[in-house]
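A.B. asks: Before I ask anything, let me first share the structure, which is written out below as structure tokens.
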Amino acid sequence: MTAFRQIMASGKREEGVAMSKTKRAAASSEPAYEQRDIARFDDEAVTDRQFVTALARGLELLRCFAPRERYLGLSELARRTDLPKATVARLAGTLAKLGYLHYSESLGKYSLGTGVLSLGYSMLSNLDIRDLARPRMQELAEYARASVAIGVRDRLSVLYIEWVRSSAPVTVMRGVGVRLPLATTSMGRAYLAAASEEERDKVLEQLRARDESDWPRIKRGVDQALKDYAERGFCLSVGDWDKDVASVGVPFTAPDGTRMAFNCGGPAFAMSREMLENDVGPRLVDLVQRLEAAIGRR
């Protein structure tokens, strides 16, 4: 059986915490490749008769590229996918012919092609929820002097599909396409809280297998999030993923069944746990409920 590596950026702050209108604090972008979450495809998926190994390999190749990591050579792609270099060369050549990769003759390396961009924008353009939610998100962002985002699950991460920030000089900068870990962020915890027990157990088992040493802390955080969601309708993350970031998350299910989650967060020094619990959290729950009502009236 061939194993595949899952390439996911943990989504540490895209530009860091903005400390003034003219000067923002420096922060790391994407972590080094070795620091990203690694997982394997399930045995069940690989042995499924509907599972096309060659297609899966090609898609895994596209996942190797992270933000601000434009070019990758065959050797690095082979290392990241755990595939033979010759196999990677054939896959990359095919993807380049189809427009999903671009080959630089001068560098001898590949970058993502416009085909990937068109797929991403086609997907986003079909998410009407973004247009409906954006004014409400901006309203909450300005009130909380923070940022508000919508995310969807992508394996062991949540992926931002919409993001707005307030006009406050101090905020947390991210953007559409940023990835955050599922188990330690408010958005990821909110997603897990609303997921089916089967899906949640499967994800938690993958997380446990990936990081046995940190599993007790991760499990405590998820258990508390499930309790918070049952009692108050939202989940918190106060320094659990990043010690400088505090946020609250609320799940949302689109009319077509797509499960998402909203979050509202900012610098921990500006957003206390009390503020999240007693003010911002209830307001985010209200935002989601109003959005659900608006969709129901359409």
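A.B. asks: Of a type outside the set (Asp, Glu) and either touching a helix residue (DSSP H, G or I) at 6+ places or on another chain (Cβ under 6 Å) or under 15 Å from ALA261 (Cβ atoms) (or both), is that true of VAL245?
C.D. replies: So VAL245 does not fit the description; no.
A.B. asks: Output the residue which, of all residues in the range 65-109 that are surrounded by 13 or more Cβ atoms within 10 Å (Cβ to Cβ) and on the phi > 0 side of the Ramachandran plot, is farthest from the chain's Cα centre (by Cα).
C.D. replies: Filtering first and then ranking leaves GLY99.
A.B. asks: Yes or no: SER147 under 16 Å from GLY177 (Cα atoms), at pLDDT below 90 and of a type outside the set (A, V, I, L, M, F, W, C)?
C.D. replies: Answer is no for this residue.
One line per residue, one yes/no per condition, for (1) modelled with pLDDT of 95 or more; (2) under 24 Å from ARG136 (Cβ atoms); (3) assigned to a helix (DSSP H, G or I):
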{"position": "GLY177", "(1), (2), (3)": "no, yes, no"}
{"position": "LYS202", "(1), (2), (3)": "no, no, yes"}
{"position": "ASP223", "(1), (2), (3)": "yes, no, yes"}
{"position": "LEU226", "(1), (2), (3)": "yes, no, yes"}
{"position": "ASP256", "(1), (2), (3)": "no, yes, no"}
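For every residue, the table says whether it meets (1) surrounded by 20 or more Cβ atoms within 10 Å (Cβ to Cβ); (2) more than 19 Å from the chain's Cα centre (by Cα); (3) not in a strand (DSSP E or B).
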site: GLU139; (1), (2), (3): no, yes, yes
site: TYR143; (1), (2), (3): no, yes, yes
site: VAL148; (1), (2), (3): yes, no, no
site: TRP163; (1), (2), (3): yes, no, no
site: LEU180; (1), (2), (3): yes, no, no
site: ALA190; (1), (2), (3): yes, no, yes
site: GLU198; (1), (2), (3): no, yes, yes
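The values are calculated or read from the model by the stated rules, or taken from the named source; none is laboratory data. Just so you know, these numbers come straight off a predicted model, no measurement behind them. Glycine gets a Cβ as well: all are built from the backbone with ideal geometry, and neighbour counts include every protein chain shown.
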